[in-house]
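Worksheet: one structure, shown below.
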DNA sequence: ATAAAATACGGTGGAGAACCGGGATATACT
DNA sequence: AGTATATCCCGGTTCTCCACCGTATTTTAT
């Protein structure tokens, strides 16, 4: 439903890491932030979250930076979003419903949420890259 | 994804109105709030939003209150939620993406959102009532 | 007229989003 | 060994929205 700035930043950053995945060299926060127009001090926090979730690995010190922990086709968008968005402690699922109506509502809501997650599960970082690349191809065709 | 307190309150209130729909008598805020344990001054705002969306009708003055604008089987959950949640002025759809990556991300996100909305569209207030009633039946069976 | 209801307007406290800074820590290179 | 370069960790700030409360004003049935 709501695409928060947080999730979009994280996706953009991981997409950037996916682009440089074959080079086997770590990317620094500064580079990612500059490339995708993301405030670097904020991106730092997001990358920390993604690292704790095991989606990326970090190397400290000079020549350090971040790399994907897995291949781009093994990381689904659902993992990314739940890593970033799933840190809030008391979500709607945890505060339980007291009435029968409340339970029924939550069931339907959960079904809707699952439908959305299913979509995010079928897309990987690789898929996004290919989607973007074919789009770029199209823009080029129109330009010529 | 996130079931806000707002949407749940609105659904509970409309469910209450649906229960009394056949009586053709308006329900007051106080009654709904007391029945569903909703703070009445807050519910008042939500009902105002639902009225402006044309989902309920209000009658002012003594013996006044609220009634559904349509039959319970003609009101989908998607209408209710989008009425309540869709009031925020600058959502993610309105701040446009500048990069190619951003556009691709938004497309996937929109696909996920549509999947969730599709679920909410296939349920009506009537469906929720029946779901709850059959659940109550089950509880009774276990009790005996 | 009077009481009962919605309506309009304003305000408060808390939480999370979206940032910014400073210092501690780890690492490569010379 | 020393220094530059990076992450990491601890804060704080501003802003917006949520959830909620109070006080009036307007409308309507009796």
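Throughout, read-outs are computed from the coordinates displayed, never taken from laboratory work. Predicted, not measured: the structure shown is a model, and the values here were computed from it. Using ideal geometry, Cβ is built from the backbone for each residue, glycine included, and neighbour counts are taken over all protein chains shown.
Between B:42, B:21, B:123, the Gaussian network model of chain B with springs among Cα atoms under 10 angstrom shows the greatest mean-square fluctuation at B:42. Rounded to the nearest 0.05, what FRET efficiency do residue A:71 and residue B:100 have when you use their Cβ-Cβ distance and R0 = 30 Å? Efficiency, from the Cβ-Cβ distance: 0.85.
Copy-to-copy label distances for residue A:71, where each label lies 7 Å from Cα along Cα-to-Cβ, are 5.6 nm in order of increasing length.
Per residue, the average separation of C-alpha pairs within less than 8 Å and at least 6 apart gives chain A a relative contact order of 27 percent. In terms of other Cβ atoms within 10 Å, A:73, B:109 run from fewest to most in the order A:73, B:109.
If the viscosity is 1.306 mPa s and the temperature 10 °C, what Stokes-Einstein diffusion coefficient in µm²/s follows for chain B when Rh is the Kirkwood radius over Cα pairs? Write out the running numbers ahead of the final one.
Details: Rh = 17.0 Å.
Here the translational diffusion coefficient equals 93 µm²/s.
Structure remark: mean-square fluctuation, Gaussian network model of chain A, C-alpha springs under 10 Å; the largest value among A:118, A:33, A:69 belongs to A:118.
At a 10 Å Cβ-Cβ cut-off, how would you order B:80, B:38, fewest neighbours first?
Working: B:80 24, B:38 21.
Fewest-to-most ranking of B:80, B:38: B:38, B:80.
Ranked from shortest, the separations from the 7 Å Cα-to-Cβ label point of residue A:139 to its equivalents in the other copies are 5.6 nm. Estimated purely from DSSP H runs of n ≥ 4, each contributing -39500 (n - 2.57), the mean residue ellipticity at 222 nm for chain B is -19500 deg cm²/dmol once divided by its residues. Label points for residue B:6 are taken 7 Å from Cα along Cα→Cβ. From this copy to the others they lie 1.8 nm apart, shortest first.
Specify the residue with the greatest mean-square fluctuation among B:82, B:99, B:22, computed from a Gaussian network of chain B linking alpha-carbon atoms under 10 Å apart. The residue with the greatest mean-square fluctuation here is B:99.
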